[in-house]
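Student: The structure follows.
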Amino acid sequence: MDPSIAVIPIVGMSIPIILVPVSLGLRHARLVRELEHAERMKALELGRTLPKDEPFWGPARLSLAFGLGVPTAVFFFAWMASHEENTAQIPLWISAGVVGLGGVISGAVLAYRQLERWWAGPHVEDYRTHKPANIDEDAFDVVGSRG
C-alpha cells in the first residue's frame, strides 16, 4: 500500500481539529469584546470608571516612585562621582543627602495627600467619577420652539 494514500484521511481529520477550536476561539473573543463594550457603556452612563481605565502611573505609584527613585538615583550618582579623582567628597555627599531627603519628603507629602483623599471617602469631588448632570434635551430644542 502506498503511504501517500494515508495523507488524505490525516489531512481530512486535521481540518476539523484545527478549524473548530479557531472558530470557537474567535467567537469567544467577540463575545468578550461585546461584554466589555456593554460594561464600559454602562459605566459611562453611571459616570464611573472601570479598573482597567485607571492609569498605571496613578498618584499613589507616582508618589512612591518619586520618594524612592530620587534618593536612589542621587546616591548612585554621588557614589559614581566619588570614585573620580580631585572630587570634594564632603560637599558631594552633603548635597546628595539634601536632595535625597527632599525627594523622600516630597514623596511622603504626595502619598499623604493621596491617602487624605482616599480616607475622605467617595463624597470628595473627583473628575474621573463625576456623573454628568441630568439635563433635559428638550430644554435646548431651539429649532422646535421657533414654530
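The values are calculated or read from the model by the stated rules, or taken from the named source; none is laboratory data. Since the model is a prediction, treat every value here as computed from it, not as a measurement. Methodologically, a virtual Cβ is constructed for each residue, glycine included, from the backbone with ideal geometry; neighbour enumeration extends over all protein chains shown.
Student: Answer with yes or no whether Thr87 is outside the structural domain of Ala111 (by TED's automatic domain parsing), outside any helix (DSSP H, G or I) and touching a helix residue (DSSP H, G or I) at 6+ places or on another chain (Cβ under 8 Å).
Tutor: Criteria not met by Thr87.
Student: Quick check on my filter: what residues within the stretch 113-125 are surrounded by fewer than 11 Cβ atoms within 10 Å (Cβ to Cβ) and either at pLDDT below 70 or β-branched (Val, Ile, Thr) (or both)?
Tutor: Scanning the stretch 113-125 gives Ala120, Gly121, Pro122, His123, Glu125.
Student: Gly144: assigned to a helix (DSSP H, G or I) and modelled with pLDDT of 70 or more, yes or no?
Tutor: When the stated conditions are applied, Gly144 does not pass them.
Student: Of these, Ala73, Ala78, which one is part of a helix (DSSP H, G or I), assigned by TED's automatic domain parsing to the domain that holds Gln114 and under 27 Å from the mean Cα position of the chain (by Cα)?
Tutor: Ala73
To keep it simple, each residue is scored yes or no on (1) surrounded by 13 or more Cβ atoms within 10 Å (Cβ to Cβ); (2) at pLDDT below 95; (3) aliphatic (A, V, I, L, M).
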| residue | (1), (2), (3) |
| --- | --- |
| Arg30 | no, no, no |
| Gly58 | no, yes, no |
| Leu62 | yes, yes, yes |
| Gly67 | yes, yes, no |
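Student: Hey, can you tell me all the residues within the stretch 94-112 that are within 21 Å of Ala60 (Cβ to Cβ), of a type outside the set (Gly, Ala, Ser) and surrounded by 13 or more Cβ atoms within 10 Å (Cβ to Cβ)?
Tutor: Val104, Val109, Leu110
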